[in-house]
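Everything below concerns the one structure shown next.
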Amino acid sequence: MLYSRIFGKTVRETPKGALPAAQRLLVRAGMLRAAGPGIFVFLPLGRRVLHKIAAIAEEEFSRRGVQFLEAPAGCPARPQGQAPADECRRALAAQRRRIVEHYFLAAHHDDDLCLLAGALPMSYRELPLMLGFRRWRHEEEGRGPAAFTAARRFLMQAAYGFDADDEGARASCALLHEACLAAFRRMEVEAVALGAPARAPGAPPSEEFAAFSEAGDEEMVECDACSYRASRERAQSMSAAPDPNEEPRPLDAVYGPGIVDTARLASFVGIPWEKTTKTLLFEADDRVVAVCVRGDCEVSSAKLAEVLGCGRLRLAPPDTVRKLTGADVGYAGPVGLPQEVTVLWDLTTDGRVNFEAGANRTDYHYINVNFDRDLPRPERFVDVRLARQGELCAACRRGRLLVRRSLKLGHVTQLGTVPCAELKALFTSKTGRSEPARISIGGLELMRLMAAIVEQHSDAKGIAWPASVAPCAAVLISLPGVEGRARELYESMIRAGIEILWDDRNTAAGAKFADADLIGAPIRLVLSPRTGGQLEWKARRTEGTELLPPEEAVRRLAAGAGSPQQPHPTGC
């Protein structure tokens, strides 16, 4: 590649706006441009990196038995005459984006693969079956207008396992997990595996892969004394126990007009913040539940959904709150709720004496509420709150939890039999019966992987790509007076199959060096009159240089020293 001919050069100015560091570097390195809100174009050098990331992911999945397909972006609104039949199917249909009357831009291809598998008669002898593809996905919800790490249109590498029983599904998930970790190792990405909520009703918990990142849209906690790490939504922690020896006081209703903030309420009634209570009403599938946590805590929707075993969970709308409590939002409380409302109490509310709770009456709060006297003591207390910075680690009971931003890179999960049952993707079992297959999914977000690599492998000068995903093996810089020798060297490297980027521009040496560091190829080669018949070899990640004969540089690069690995996807 001749740099003078490359479309998309380096940019001196730092892009404006509150953009992630990785995105700023990719733009400055001439690899990425925004085409619209949440939509990005990969310029030639960036496209090379993205394709190498995708090739590594595909090879690792393929090594574990995944057969790859090509699937269209558009799919029928009701594939093969199948109509949405339940909440799971309707939720899937809701994620599609309409193109014309009968076609949608698919957010997922779960149902298409189920239909394809169902259209081909399958026996238990042919299972497990693992299929995969790479696809561009488009999502609006939860995606930002500017950040590359939250692009509305993003590239996914996904693999789907079809199994006859739960044991087979667990084995498929283990293979997909192994493939993801192997891909991370080859890309030199530091990622951690975290527990995550089930992706379908009745399915086992999922697993997510994440990297610590200031550009992340999620939060992860880690212990400062042990190896415990978890997503904040699912992390377990310990808080100080309340004083159990306090004498109960008479129940009282306090008039506090407009006071719904628990910190302000605690100050108003003169009690510690942890003695206030948040009572939140949720719609869980077809029922309403009230969740009580300490006023200084927040509810984890992931933990709550797992405790309830529900498929759909959302805060109850104000009309529902008023109908059940008789009060505006912010004044709900556990005392006097209708019997049809199930009340759940968080672990941290156990043992409290003389605590506050909403009075189910607008502008009023109860104080000095006590179990057994004012309301029944729960049969059990459950963990439904978000862990917080500085709380005691529940794993080692010694360390304190640190909350850090994280970037989700992928997931491995089981969907159970629901998708196949809905779409008649059946196989013939050992007993001769037709049964729905069990589905497992492993997916990697390739653009986020690219961002994580840049964030983990960069410095003040620019990007320092790992050799396996670098846009080229080396950058060749020629200074005035050696153009003929540089062209000969460049052509010899091309013949040797080396990916070389020759900066053949007639520009200042300092600008060429700065651009090479910004682009981040593993090796920088410099040919100048001062090097005589040799050339300067410098690794991007080290400060030292050495002079080598051109033949030795070609030999090293051809042997793989500093050159990108060339993954070739294999069959099953």
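Read the figures in this text as sums done on the coordinates, not as results from a lab. Values in this document were obtained by computation on a predicted structure and should not be read as measured data. Note that we place each Cβ from the backbone using ideal geometry, even for glycine, and neighbour counts take in every protein chain shown.
Placing +1 on the Cβ of every Lys and Arg and -1 on the Cβ of every Asp and Glu, with no other charges, gives region 390-448 a dipole of roughly 340 debye about its Cα centre. If R0 equals 30 Å, the separation of the Cβ atoms of V41 and R555 corresponds to a calculated FRET efficiency of about 0.20.
With respect to the chain, whose longest principal axis is taken over its alpha-carbon atoms, helix 44-63 is tilted by about 70°.
Hey, got the dipole for the chain? About the Cα centre, +1 on K and R Cβ, -1 on D and E Cβ, debye to the nearest 20? All intermediate terms of the calculation are to be shown ahead of the outcome.
On the way: 74 positive and 73 negative charges, 335 e Å.
Its charge dipole is roughly 1600 debye.
Centre-to-centre, using Cα atoms only, region 307-322 and region 155-180 are separated by 32 Å.
The ellipsoid equivalent to the alpha-carbon distribution of the chain has semi-axes of 53, 32, 21 angstrom, derived from the gyration tensor eigenvalues as √(5λ) and listed largest first. For D504, D459, the sequence from fewest to most other C-beta atoms within 10 Å is D459, D504. Axis of helix 446-456 versus longest Cα principal axis of the chain: the two differ by about 80°, to the nearest ten degrees. The mean sequence separation of alpha-carbon pairs under 8 Å and at least six residues apart, normalised by the residue count of the chain, gives a relative contact order of 19 percent. Placing unit charges on each Cβ (+1 for Lys and Arg, -1 for Asp and Glu) gives the chain a dipole about its Cα centre, and among V418, F133, G8 the Cα reaching farthest toward its positive end belongs to G8. Sequence-ordered 3J(HN,Hα) estimates for region 158-174 from the Karplus curve with 6.51, -1.76 and 1.60 and θ = phi - 60° stand at 10, 9, 10, x, 10, 10, 7, 8, 5, 5, x, 5, 5, 5, 5, 4, 5 Hz, glycine and proline given as x.
For region 183-342, the dipole from Cβ point charges (+1 on Lys and Arg, -1 on Asp and Glu) about the Cα centre works out to 380 debye, to the nearest 20. Quick one: Cα centre-to-centre distance for region 266-294 and region 379-398, in angstrom? Between the Cα centres of region 266-294 and region 379-398 lies a distance of 17 Å.
Working from Cα pairs under 8 Å separated by at least six residues, relative contact order for region 252-369 is 32 percent. Remark on A225: its backbone amide H falls under 5 Å from those of G399, R400, a criterion applied only to residues 5 or more positions apart or on other chains, H modelled at 1.01 Å from N. Candidates G195, P378, N354 compared by Cα position along the dipole of the chain: farthest toward the positive end lies G195, with charges placed on Cβ.
Can you give the % of DSSP beta bridges in the chain that are antiparallel, to the nearest 5? Within the chain, antiparallel bridges account for around 80 percent of the total. Across region 349-403, the mean sequence separation of Cα contacts (distance under 8 Å, 6 or more residues apart), normalised by length, yields a relative contact order of 22 percent. Listing T413, T507, T325, T362 from fewest to most neighbouring C-beta atoms within 10 Å gives T507, T362, T413, T325.
Residues V454, V329, V321, ranked from the fewest to the most other C-beta atoms within 10 Å, line up as V329, V321, V454.
Using a 10 Å Cβ count of at most 15 others and DSSP loop calls, identify the longest part of the chain lacking such GluC sites (Glu not before Pro). In short, 380-542.
I need the calculated FRET efficiency for the pair E214 and K430, taking r as the beta carbon distance and R₀ as 35 Å, to the nearest 0.05.
0.10
For the chain, the number of Lys pairs with C-alpha atoms closer than 23 Å, counting only pairs eight or more positions apart or on separate chains, is 13. Note on R388 and V335: their simple-model spin labels are 2.4 nm apart, each label 7 Å out from Cα toward Cβ. Label separation (D166 vs R530): 7.0 nm, computed from points 7 Å beyond Cα along the C-beta direction. The trypsin sites (Lys or Arg not before Pro) of region 346-432 that DSSP puts in a loop, and whose beta carbon has at most 15 other beta carbons within 10 Å, are R373, R380, R397, R398, K424, K430.
Would you mind checking the tilt of helix 110-119 against the longest principal axis of the Cα atoms of the chain, expressed as 0 to 90 degrees and rounded to 10? Tilt of helix 110-119: around 80 degrees. Maximal additional length on extending the A508-D243 stretch stands at 88.1 nm, based on 0.36 nm per residue less the C-alpha distance.
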